[in-house]
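Step one of this worksheet: look at the structure below.
Nothing in this text is a laboratory measurement; each read-out follows from the coordinates by a stated rule. As the structure is a prediction and not an experimental result, all values here were calculated from the model. Here Cβ is always computed from backbone atoms with ideal geometry, including for glycine, and neighbour counts include all displayed protein chains.
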Amino acid sequence: MGRGLLFDASSLIYALKLRRPDILISNYIQWLTIYEVINGLWKEARLIKSITTEDVITMIRVLRDVTKYMNVLSPQGCEEEILKTALELGITAYDTSYVVLAKNNDLTLVTEDKELREKAGDVVEVKTLTEVMT
């Protein structure tokens with residue numbers, strides 16, 4: 001597979017929906033990703049109603065188990081770089097934190113977010129989950 005992969009919440013949720021937690025093992029997330037995934041699943045179950053409560057609970061259990069085998073990065077110490085990069089790229093600090101962590105750790109960013117892929121592509125290697133699974 002080559003270099004390590006940094007998954008954002010959109011790709012991590014997608015991997016859980018596809019029942020492919022294996023792709024996550026030995027790869028990377030940042031600590032905020034856990035909360036973003038929980039919130040994203042809450043939205044899908046509560047607001048959109050596209051996933052049952054039982055399925056969401058199962059996905060959270062899988063998330064809890066698989067993160068034990070992942071590397072969890074912290075954006076601590078990168079605050080200024082994140083802000084400057086966010087202003088340069090015109091994307092949120094949340095999204096930029098993934099870009100900066102991928103750059104600083106020589107990782108490929110994995111995201112389903114089209115805007116993030118487009119804007120981060122000049123700074124780091126960016127792929128979708130489908131691209132890294134092939």
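Label-to-label distance for K43 and Y94 is 0.6 nm, based on points extended 7 Å past Cα in the beta-carbon direction. A simple charge model with +1 on the Cβ of Lys and Arg, -1 on the Cβ of Asp and Glu and nothing else charged puts the dipole of the chain at about 520 debye relative to its Cα centre.
Of all DSSP bridge pairs formed entirely within the chain, close to 0 percent run antiparallel. Based on Cα contacts under 8 Å between residues 6+ apart, segment 5-133 shows a relative contact order of 30 percent.
Name the trypsin sites (Lys or Arg not before Pro) in segment 1-107 that are in a loop by DSSP and that have at most 12 other C-beta atoms within 10 Å, would you? Mind showing how you got there, number by number?
Numbers: sites: R3, K17, R19, K43, R46, K49, R61, R64, K68, K84, K103; in loops: R3, R19, K49.
Passing both the DSSP loop test and the Cβ count: R3, R19, K49.
Non-local lysine pairs in the chain, meaning eight or more places apart or on different chains, with alpha-carbon distances under 20 Å, amount to 13. So what's Rg/Rh here for the chain, counting alpha carbon atoms and using the Kirkwood radius for Rh? Expressed as Rg/Rh, it is 0.96. On a C-alpha basis, how far is the centre of segment 20-34 from the centre of segment 64-86 in Å? Whole number, if you could? So the separation of the two Cα centres works out to 11 Å. In this structure, E125 and S26 have a Cβ-Cβ separation that, at R0 = 25 Å, corresponds to a calculated FRET efficiency of about 0.90. Look at V72, V132 and count the other Cβ atoms within 10 Å of each Cβ; fewest to most, that gives V72, V132.
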